[in-house]
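To start, the structure itself, in structure tokens.
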Ligand code: ATP
Ligand code: MG
């Protein structure tokens, strides 16, 4: 492939306006060094799009996304949006529309930044489009019901196809790593829903005899993740368990600023999306940790490099990783949340400097 990669830039809200430009700055520098051609497309989204385009996910943004290879999606401060049909949270729509059913969330330790263990290296693959998340369950409308003022019901959707495809993505990832997959569930209680997820994981295990497979109940996993995270490589689970456990995993290695993510499906687009939210409490101060967003961006280029055979893209991703690791080791550069004396700009500049060195 010789044409330029077409990559969207969707800043999002709050700290998104700081960490997304930081990620683009790093990726631009790395792309230049490795001769990767990128056609960048800034697109309106979130609170600013509501002002300029009358919608938090304007139709023109949606239309352009359909023509792209991938995009960087900043965090969305949807809880602060005014009520109304034009002020929606774009995340679930994007994940559904582009069938991005697997949210790949790595956790790894780096020295001196406040990790609880110095040897964590695991990936949680969170199912992205089913489960309890009310507005994602298009099958069931809102997914929540209040038949009387005293009673509320929540519906959790688990499908065979949905379980199978996310488990398959996790098995494939395990094959590229330490060939160990753990599936997390609570089929002791949710015999039908978690039970179906487990059945599909077991069926796939037979197709991946080279991958060692473990079965762990979610509460036990929550405990073991704190005590012996070293015993996990790739972990796959349903939506809400994955949401909670990936924040717990981030807590092991310095907090939410260290929690990247890549949303993928069986198509050929990828969406770089950090695990954390828009952190309105620290927005506009220039102190947000850009690591999660930069690393999510890096993962996207690595994925596109492999899946589309883009010359230089995998090398570009590898140099981004090395430059970021070196910047993390520099206490003057890295941000305060990870025991640094620097800020968003100093961290980003250190990565760019390391890339060019
Ligand atoms: P969401 O519902 O969107 O997941 P949340 O309530 O989980 O949002 P976040 O915005 O993810 O909340 O973050 C919680 C807190 O963690 C923030 O208020 C902020 O203090 C801290 N935090 C999150 N991301 C970062 C970051 N990149 N750098 C530094 N601190 C961060
Ligand atoms: Mg959260």
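Some notes on this structure:
- For residue 311, the conditions (1) surrounded by fewer than 16 Cβ atoms within 10 Å (Cβ to Cβ); (2) within 14 Å of ligand 1 (Cβ to nearest atom); (3) touching a residue at least 24 places away in the same chain (Cβ under 8 Å) are fulfilled apart from (2).
- When segment 289-323 is filtered for residues that are out of contact with any helix residue (DSSP H, G or I) (no Cβ under 7 Å at 6 or more places or on another chain), assigned to a helix (DSSP H, G or I) and more than 16 Å from ligand 2 (Cβ to nearest atom), the ones remaining, listed by number, are 299, 300, 303, 307, 308, 318, 322.
- Being assigned to a helix (DSSP H, G or I), assigned by the TED database to the domain that holds residue 37 and in contact (Cβ under 8 Å) with a residue 40 or more places away in the chain is true of residue 352.
- Checking residue 277 against (1) farther than 14 Å from residue 22 by Cβ; (2) more than 16 Å from ligand 2 (Cβ to nearest atom); (3) surrounded by fewer than 24 Cβ atoms within 10 Å (Cβ to Cβ), the condition it does not meet: (2)
- Top-ranked residue in segment 25-39 [being touching a strand residue (DSSP E or B) at 6+ places or on another chain (Cβ under 6 Å) and free of Cβ contacts under 8 Å to residues at least 60 places away in the same chain; ranked as farthest from residue 306 (Cα to Cα)]: 39
- Scope segment 228-248; condition away from ligand 2 (no atom under 14 Å from the Cβ) and either closer than 13 Å to residue 108 by Cα or out of contact with any strand residue (DSSP E or B) (no Cβ under 7 Å at 6 or more places or on another chain) (or both); matching residues: 228, 229, 230, 231, 232, 233, 234
- Candidates are the residues of segment 274-288 that are part of a helix (DSSP H, G or I) and touching a residue at least 60 places away in the same chain (Cβ under 8 Å); the one that is farthest from ligand 1 (Cβ to nearest atom) is 280.
- Hey, residue 251 within 11 Å of ligand 1 (Cβ to nearest atom), touching a helix residue (DSSP H, G or I) at 6+ places or on another chain (Cβ under 6 Å) and in a helix (DSSP H, G or I) or not: no
- Checked against (1) in a helix (DSSP H, G or I); (2) within 16 Å of ligand 2 (Cβ to nearest atom), residue 206 passes all but condition (2).
- In this structure, residue 236 does not qualify as within 30 Å of residue 3 (Cα to Cα), in contact with a helix residue (DSSP H, G or I) (Cβ under 7 Å, 6 or more places away or on another chain) and not in a helix (DSSP H, G or I).
- Scanning segment 332-357 for residues that are over 23 Å from the mean Cα position of the chain (by Cα) and surrounded by 20 or more Cβ atoms within 10 Å (Cβ to Cβ), we see that the one that is nearest to residue 256 (Cα to Cα) is 340.
- Residue match in segment 324-342 (condition: in a helix (DSSP H, G or I) and over 23 Å from residue 282 (Cβ atoms)): yes
- Test: residue in segment 159-166 that is touching a helix residue (DSSP H, G or I) at 6+ places or on another chain (Cβ under 7 Å), loosely packed, with under 14 Cβ neighbours inside 10 Å and more than 19 Å from residue 122 (Cα to Cα): yes
The values are calculated or read from the model by the stated rules, or taken from the named source; none is laboratory data. Keep in mind that this is a model prediction, so the values were computed, not measured. Counting neighbours? That spans all protein chains shown, and the Cβs are built from the backbone with ideal geometry, glycine included.
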